[in-house]
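Peer 1: First, the structure itself, so that you have it in front of you.
The values are calculated or read from the model by the stated rules, or taken from the named source; none is laboratory data. None of these values were measured; they are calculated from a predicted model. In this analysis, Cβ positions are derived from the backbone assuming ideal geometry, glycine residues included, and neighbour counts consider all displayed protein chains.
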Amino acid sequence: MPDAVVLLSGGLDSSTALAVARDAGFTCHALTVRYGQLHEVELAASRRVAAALGVIDHRVVEVDLSPLASSALTTRGIAVPKDRSLDEIGAPGDVPSTYVPARNTVLLSLALAWAESLG
């Protein structure tokens, strides 16, 4: 079976991606990144999901982006918006307070590095 490295936050989207990869016949390796997020609940969930879906290798690495990128997800005192109407969400092009600059680029680079090392 071919290998796949799946970024696994523990949330619904990444858990579904892992299940799809597994069901497609890949041998799954999961990568969870502690990027300085304030909430630990997704990290615990990633461990449970990896175990439940039969991941052969689940690694948790730390790359703290919080000193470089201020966001409601990484910085205390910036509120995570909730219970907003459509009018309160913001105009197209507005940057949400939960956006972590370059996070996805960093995460994909880490997954690529591991995938390349697997061959």
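Peer 1: Only one of S85, S66, S71 is buried (at least 17 other Cβ atoms within 10 Å of the Cβ) and among the polar types (S, T, N, Q). Can you tell me which?
Peer 2: On the way: S85 fails: buried (at least 17 other Cβ atoms within 10 Å of the Cβ); S66 fails: buried (at least 17 other Cβ atoms within 10 Å of the Cβ).
One residue alone meets the criteria, S71.
Peer 1: Mind checking which residues of the stretch 38-63 are surrounded by 12 or more Cβ atoms within 10 Å (Cβ to Cβ), modelled with pLDDT under 95 and either over 13 Å from the mean Cα position of the chain (by Cα) or farther than 16 Å from S14 by Cα (or both)?
Peer 2: Result: L38, V63.
Residue-wise test of (1) part of a loop (DSSP other than H, G, I, E, B); (2) over 30 Å from G77 (Cβ atoms).
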residue	(1), (2)
D13	no, no
L18	no, yes
G25	yes, yes
L31	no, no
H39	yes, no
A45	no, no
A51	no, yes
G54	yes, yes
V60	no, no
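Peer 1: Does the stretch 63-72 contain any residue that is hydrophobic (A, V, I, L, M, F, W, C), touching a strand residue (DSSP E or B) at 6+ places or on another chain (Cβ under 8 Å) and under 26 Å from A17 (Cα atoms)? Even if it seems obvious, please write down each step before you answer.
Peer 2: Of the residues in the stretch 63-72, the ones hydrophobic (A, V, I, L, M, F, W, C) are 63, 65, 68-69, 72.
From what's left, touching a strand residue (DSSP E or B) at 6+ places or on another chain (Cβ under 8 Å): 63.
Narrowing the set further to residues that are under 26 Å from A17 (Cα atoms) leaves 63.
Yes, that holds for at least one residue.
Peer 1: While we're on this one: Can you tell me which residue within the stretch 1-16, out of those that are surrounded by fewer than 17 Cβ atoms within 10 Å (Cβ to Cβ) and touching a strand residue (DSSP E or B) at 6+ places or on another chain (Cβ under 8 Å), is modelled with the lowest pLDDT? Please lay out each step first, then the result.
Peer 2: Within the stretch 1-16, the first condition is being surrounded by fewer than 17 Cβ atoms within 10 Å (Cβ to Cβ), and the residues that meet it are 1-3, 11-13, 16.
Retained after the next criterion (residues that are touching a strand residue (DSSP E or B) at 6+ places or on another chain (Cβ under 8 Å)): 1-3.
Values: M1: 86, P2: 95, D3: 97.
So the residue we want is M1.
Peer 1: Are there any pairs, at least 6 apart or on different chains, whose C-beta atoms fall under 6 Å, with the first in the stretch 103-115 and touching a residue at least 12 places away in the same chain (Cβ under 8 Å) and part of a helix (DSSP H, G or I) and the second of a type in the set (V, I, T) and surrounded by 11 or more Cβ atoms within 10 Å (Cβ to Cβ), and if so, which?
Peer 2: Going by the 6 Å Cβ cut-off, the qualifying pairs are L107/V33; A111/V5; W114/V5; A115/V5.
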